[in-house]
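**Student:** Have a look at the structure that comes next, please.
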Amino acid sequence: MHAMTDKKFRFMVAATSCYWCSYAAGQVSKERPEEERTLWGAMSELAADLKQLGEWSEQSELIDTTAKDLWEANNWNDESDLFARDTLTEVGKIPPWNIDGRISKLTERVAERYDFEQGVQMRLKQSIYGSMVGLMMENASLILDQTKEIVGTRVRGEPFTAEQVAEWTRQTEDMMGSFQERTDKLLEEFSHEVDDAHRPIFERDMESFQQRRTYMKEARQRWANGEWSPSEWGLQHDPLHNKAAQAGQKSANQPTSAPAQPPPRWVSYDPSTWEAYMLDFIARFKLDLRQQATARSILDELTARAYAYLHARRLRMANVAASERLAHPFYAPVRGMFKELETRLNRIPIKAQREKKRP
């Protein structure tokens, strides 16, 4: 049950958690049918927006990687912690527009852990739906507007800023208070379904849950004060965010009227420098637009692979001094990817371009 709140930790979950309460068009209440039909229609539009982000499998991998980072950084490594993280991973694999699938997976995991009978599992599922729908109805305008802004920023290829995150955090303060109240009520209800045999597990799970709640409260305080970094949402190795951030930095530091500066040198073990190699290659061979697009595609593929490799092994990689990385075996796969970049780019120029190559 405590894994439900963990979903608020990550960027894509923060951007899409509002979809939890959209259950199905058939769940429109008898009390406010027109209001809720309008709400479900708006949620359907947001689902279409989310699909613009690309394959959900890529987004769920980002969530999973970020969750693992968070757990590792905070030493959340006991059995209850790992159960919560694994539940987040399993639920996160299901696209956010598959509402029933997500809540079904969550309740299925909880039911398996506490050996609940089918009737208890169904009551738990209905309680989650009811609580989330209520939260959505209270904060519909804020959630819809903010989700559109988050997704729109992503679709436009713009990096998030600390100022944006601070504003989003402040705007959702009351909503998060309501969310915590509803979560506490659900947990109280849920606790009465746990039998004596599973009570020790429940108590450990609650301790684990409270650790993450404390972390989130402290994190939100930092964010509201403008103290946010992309790594907290797992964006430090995200190709789209990095490309947008780099473009923004170049634009800020280099006015359009100023002459272009020569690209920095590149090193085989650092994928952040590989774009400089590609730009130099394009200039040397005078590649046309079609060829440049091919070169960019190759670069994006290989840098994404390199960042994924480095991120998965970041702790041991950090212990290797920069002066040693050109020969250290830990960096051999990354150096191999740079070699692949060189090889694949060299296949692009035609004979005439090779003969006229700039030195």
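**Student:** Determine if segment 139-157 includes at least one residue that is within 26 Å of ALA84 (Cβ to Cβ) and surrounded by fewer than 14 Cβ atoms within 10 Å (Cβ to Cβ).
**Tutor:** no
**Student:** Another question, then. Quick check on segment 119-135. Is at least one of its residues surrounded by fewer than 18 Cβ atoms within 10 Å (Cβ to Cβ), assigned to a helix (DSSP H, G or I) and touching a Lys or Arg at 6+ places or on another chain (Cβ under 8 Å)?
**Tutor:** Checking segment 119-135: at least one residue is surrounded by fewer than 18 Cβ atoms within 10 Å (Cβ to Cβ), assigned to a helix (DSSP H, G or I) and touching a Lys or Arg at 6+ places or on another chain (Cβ under 8 Å).
**Student:** Any residue in segment 333-353 that is within 22 Å of LEU299 (Cα to Cα), of a type in the set (Val, Ile, Thr), surrounded by 10 or more Cβ atoms within 10 Å (Cβ to Cβ) and out of contact with any Leu (no Cβ under 9 Å at 6 or more places or on another chain)?
**Tutor:** Within segment 333-353, one or more residues are within 22 Å of LEU299 (Cα to Cα), of a type in the set (Val, Ile, Thr), surrounded by 10 or more Cβ atoms within 10 Å (Cβ to Cβ) and out of contact with any Leu (no Cβ under 9 Å at 6 or more places or on another chain).
**Student:** Just to verify a result, which residue in segment 130-169, among those that are small (Gly, Ala, Ser) and in contact (Cβ under 8 Å) with a residue 40 or more places away in the chain, is nearest to LEU187 (Cα to Cα)?
**Tutor:** Top of the filtered list is SER131.
**Student:** Sticking with this one: Applying the selection to segment 303-353, what residues are modelled with pLDDT under 85 and closer than 30 Å to ARG284 by Cα?
**Tutor:** If the condition is that a residue be modelled with pLDDT under 85 and closer than 30 Å to ARG284 by Cα, then ALA322, SER323 are the ones that fit.
**Student:** If PRO200 satisfies all but one of (1) surrounded by 12 or more Cβ atoms within 10 Å (Cβ to Cβ); (2) assigned by TED's automatic domain parsing to the domain that holds ASP115, what's the number of the condition it fails?
**Tutor:** (1)
**Student:** In addition: Those residues that are among the hydroxyl-bearing types (Ser, Thr, Tyr) and assigned to a helix (DSSP H, G or I), I need them from segment 267-303; list them, please.
**Tutor:** Selection gives SER272, THR273, TYR277, THR294, SER297, THR303.
**Student:** Which one is modelled with the highest pLDDT, of the residues in segment 61-115 that are part of a loop (DSSP other than H, G, I, E, B) and touching a Phe, Trp or Tyr at 6+ places or on another chain (Cβ under 6 Å)?
**Tutor:** PRO95
**Student:** Please specify each residue of segment 86-106 satisfying the condition of being hydroxyl-bearing (Ser, Thr, Tyr) and surrounded by fewer than 22 Cβ atoms within 10 Å (Cβ to Cβ).
**Tutor:** Selection gives THR89, SER104.
The values are calculated or read from the model by the stated rules, or taken from the named source; none is laboratory data. Treat the numbers as computed from the prediction; the structure is a model and nothing was measured. Note that each Cβ is placed from the backbone with ideal geometry, even for glycine, and that neighbours are counted across all protein chains shown.
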